[in-house]
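Every number in this text was worked out from the coordinates using simple rules, so none of it is lab data. Keep in mind that this is a model prediction, so the values were computed, not measured. Quick reminder, even Gly has a Cβ in these numbers, built from the backbone with ideal geometry, and neighbours come from all protein chains shown.
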Amino acid sequence: NPPIKPLAIRFTDNALSILTQLKYASDENIVLSKRSLRKRNCLRFFRSPEELKQSISDIVCADPRSVFRKKQGDTAFSFPVDSVDIKVEVRGDVVTVLEICQSEYVRGLLKRVGS
């Protein structure tokens, strides 16, 4: 197998802005309850924007795309992290984090609890 080229990671201004707007876990371990669900964009496992950004970068560096998607070339895909979905685009050796938004799963829970 040929050596894997490292991917350069870039965050759009919008994605960086969202990172600062999210609510992060406190020092205590937060449990996602009906009450905390109503606080939109509340993360359970990350304590800072830097921690989440590093985790996203680590995941993207591992290039989680399937072999099929890699062979297709430049592709966009998304993946969940905590309670947000991360949307990225791969163009050559550059991965751009396009968007960070509340996950579909959490949106469904919010509908069920009447938020």
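Brief remarks on what is shown
- Backbone amide hydrogens, once placed in the peptide plane, bring residue 83 within less than 5 Å of 44, excluding anything fewer than 5 places away on its chain.
- The residues neighbouring residue 64, those whose beta-carbon lies less than 11 Å from its own, together hold a net charge of +1 under the Lys/Arg +1, Asp/Glu -1 convention.
- Long-range HN-HN contacts of residue 9 with modeled amide H, under 5 Å: 95
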